[in-house]
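Asks: Input: one structure, supplied below.
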Amino acid sequence: MIKEVHPTQTNGENELYDDVCSIIDDARYRVAVYANSEVCRMNWQIGMRIKEDVLHNERAEYGKGIIKSLAARLVAKYGNGWGFQKLQHCVRAAYTFSEEEIVYAVRRQLSWTHLRSLMSVEDELARKFYMEMCRSGHWSTRTLDENIDKQLYERTAISRRPEHVIRTELETFKETDKLHPDMVFRSSYFLDLAGLPDVFSESDLETAILNQIQQFLKEFGSDFAFVDRQKRIPVDGTDYRLDLLFFHRGLHRLVAIDLKLGRFKPAYEGQMRLYLRYLNRHDRREGEESPIGLILCSEGNTEHIEYLMLEEDSPVKVAQYYTKLPDKRLLSERLQRAIAIAKEYQRNKEVDDNDCKPNVYGNA
C-alpha cells in the first residue's frame, strides 16, 4: 500500500507523525497488557477471599446464598459484570490455580478468557499441557477452546506416558521451550476435507490435503511447514515415493508423512524407517535433529498403533485419521480405550522390570 503524502507536509513532519503514532501504539499495548494482568490477579484474589473466608476452602452449598447476596450488592455498585456467575468464575479460579500459576499466566499474557477456558479442564496435567501450548503457540481463546473440545491432549502420545514423565516433559518445555515429539504427534487426526468422495484413493487424499493445506496444517499444529509431495527416495536403483514431507520448526526436524488406506501393517514401519534413513543422510541440514516419520491410516487397529506410540525413542509414529469429525462420545470411548491400553502396558512393563531386579539376597 502506497502512503499518501500531503504536498505541504515535509519529511520532518512525516517522521514526527510516525514517531508519535509509534509512541501511542506502544503505550496502548503496555496499558492493555497491564490491564489484563491486573484483571486476572483481581479476579483470582476475589475468588480466594470468598474461598477462604466464606467457603472455608470447602465446596459448601451454603456459601451460594452469601455469594448471591454479595453479587447483588456488587451489581448495584459496579454493574451487571459482577453478577453471581462472574463470582463463581472467580471462586473456581481460586480452586483451580495457585498464586504462582496465576502470576506465570499473566506474565505469559494469557487473558482471563484463556484462564476461564483452562478452568474447564479437570485433569491437572492436561490443563498444564494446554497452558504451555497456548503460551508457546500464542493461541487465541477460540483456538484453545477448539483444541480442548477436540481433546487434543488425550490424543497426544505424551498423555499415554507415566505421570512423572509427563510432568518432567512439561517442566522442560516450560523452562527451555524445547518440544518433545510426543507433545506434537497424536493418535488420531481429523482431516475433514471438503470435496473428498465417499470412496477415495491415497492419491485423492493427498490431493485433497494439498488443496486444503491451511486446514490440514491447523489440525497438525502451527509449526508445520510444507516441503514437498511425492518426494523421490532412490535406493539401489528403485524409486520410492514419500507422500508428504514437512518441516517442524519447534522440533527442528523433517517430518515424513505416509498415507495409507485401511489398517496399519507392520511392513509400513519398515518402509518408513528406510525413508527416514535416506532423509537423514541426504536431506538433513546442519543443526537439525534427525527426521521423524508419521504413518496415517484410515482405520485404527488400536493396539498396534498404541504399542508403537508407546515406544519413547521410536522415530516412527502411527495414527488414525478421520475424514469426517467422529461423534464426540465415540471419540471419547476410543481415547479411553487407548489410554487403558497405555496404562496396562506401563503396569506390565514395571512388573517385568521389577522381576528382573536382584533381591536383597543377591538372587536374580
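Asks: Kindly evaluate Val184 against the criterion of being hydrophobic (A, V, I, L, M, F, W, C) and farther than 16 Å from Tyr130 by Cβ.
Replies: On the way: hydrophobic (A, V, I, L, M, F, W, C): yes; farther than 16 Å from Tyr130 by Cβ: no.
In short, no.
Asks: Here is a check on your reading of the model: is Phe173 assigned to a loop (DSSP other than H, G, I, E, B) and either buried (at least 17 other Cβ atoms within 10 Å of the Cβ) or modelled with pLDDT under 75 (or both)?
Replies: no
Asks: From the list Gln336, Gln320, which one is modelled with pLDDT of 65 or more and out of contact with any helix residue (DSSP H, G or I) (no Cβ under 7 Å at 6 or more places or on another chain)?
Replies: From the options Gln336, Gln320, the qualifying one is Gln336.
Asks: Looking only at segment 246-292, count every residue that is more than 19 Å from Ser203 (Cβ to Cβ), of a type in the set (Gly, Ala, Ser) and free of Cβ contacts under 8 Å to residues at least 40 places away in the same chain and tell me the total.
Replies: 4
Asks: Mind checking which residues of segment 146-165 are under 11 Å from the mean Cα position of the chain (by Cα) and under 17 Å from Ser314 (Cα atoms)?
Replies: Answer for segment 146-165, where residues must be under 11 Å from the mean Cα position of the chain (by Cα) and under 17 Å from Ser314 (Cα atoms): Thr156, Ile158.
Asks: Could you please find all residues in segment 256-293 being among the hydrophobic types (A, V, I, L, M, F, W, C) and under 20 Å from Arg186 (Cα atoms)?
Replies: Ala256, Ile257, Leu259, Leu261, Phe264, Met272, Leu276, Ile292
A quick yes/no check of all residues on (1) farther than 15 Å from Leu125 by Cβ; (2) touching a strand residue (DSSP E or B) at 6+ places or on another chain (Cβ under 9 Å); (3) without any contact (Cβ under 8 Å) to a residue 60 or more places away in the chain:
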residue	(1), (2), (3)
Ile148	no, no, yes
Gln151	no, no, no
Arg160	no, no, no
His164	no, no, yes
Glu169	no, no, yes
Glu175	yes, no, yes
Leu179	yes, yes, no
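Asks: For segment 121-132, does any single residue satisfy the condition of being of a type in the set (A, V, I, L, M, F, W, C) and over 30 Å from Tyr189 (Cβ atoms)?
Replies: no
Asks: For Ser69, which of the numbered conditions (1) of a type outside the set (A, V, I, L, M, F, W, C); (2) farther than 28 Å from Glu171 by Cβ; (3) exposed (fewer than 10 other Cβ atoms within 10 Å of the Cβ) fails to hold?
Replies: Checking Ser69 against (1) of a type outside the set (A, V, I, L, M, F, W, C); (2) farther than 28 Å from Glu171 by Cβ; (3) exposed (fewer than 10 other Cβ atoms within 10 Å of the Cβ), the one that fails is (3).
Asks: Now for a different question. Condition (residue is modelled with pLDDT under 85 and under 39 Å from the mean Cα position of the chain (by Cα)) applied to segment 10-26: is it met by at least one residue?
Replies: no
Asks: Just checking, how many residues over segment 98-120 are outside any helix (DSSP H, G or I) and either without any contact (Cβ under 8 Å) to a residue 24 or more places away in the chain or β-branched (Val, Ile, Thr) (or both)?
Replies: The number of residues fulfilling the criteria is 1.
Asks: Oh, and also: Please give the number of the condition Thr168 fails out of (1) among the polar types (S, T, N, Q); (2) modelled with pLDDT under 85; (3) more than 14 Å from the chain's Cα centre (by Cα).
Replies: Just one mismatch for Thr168, condition (2).
Asks: I would also like to ask the following. Only one residue in Lys64, Lys86 is over 29 Å from the mean Cα position of the chain (by Cα) and either charged (D, E, K, R) or at pLDDT 95 or above (or both), so which one is that? Outline the logic, then answer.
Replies: On the way: Lys86 fails: over 29 Å from the mean Cα position of the chain (by Cα).
Residue meeting the stated conditions: Lys64.
Asks: Test Ser159 against the stated conditions and say whether it is at pLDDT 85 or above, small (Gly, Ala, Ser) and on the phi < 0 side of the Ramachandran plot.
Replies: No; evaluated as a whole, the condition is false for this residue.
Asks: Oh, and also: Do any strands (runs of 3 or more DSSP E) entirely within segment 179-277 hold 1 or more residues that are of a type in the set (Asp, Glu) and either at pLDDT below 70 or surrounded by fewer than 17 Cβ atoms within 10 Å (Cβ to Cβ) (or both), and if so, which?
Replies: The strands (runs of 3 or more DSSP E) meeting that bar are 224-235, 238-248.
Asks: Any chance segment 79-89 includes a residue that's touching a helix residue (DSSP H, G or I) at 6+ places or on another chain (Cβ under 7 Å), buried (at least 19 other Cβ atoms within 10 Å of the Cβ) and part of a helix (DSSP H, G or I)?
Replies: Yes, the conditions are met somewhere in segment 79-89.
Asks: Could I ask something else about it? Quick one: which of Val33, Val75 is without any contact (Cβ under 8 Å) to a residue 60 or more places away in the chain and among the β-branched types (Val, Ile, Thr)?
Replies: Numbers: Val33 fails: without any contact (Cβ under 8 Å) to a residue 60 or more places away in the chain.
Exactly one residue qualifies, and that residue is Val75.
Asks: Out of the residues in segment 220-239 meeting the condition of being among the acidic types (Asp, Glu) and touching a strand residue (DSSP E or B) at 6+ places or on another chain (Cβ under 9 Å), tell me which one is farthest from Tyr321 (Cα to Cα).
Replies: Going through the qualifying residues, I end up with Asp239.
The values are calculated or read from the model by the stated rules, or taken from the named source; none is laboratory data. None of these values were measured; they are calculated from a predicted model. Ideal geometry is used to build each Cβ from the backbone, glycine not excepted, and the neighbour counts take in all protein chains shown.
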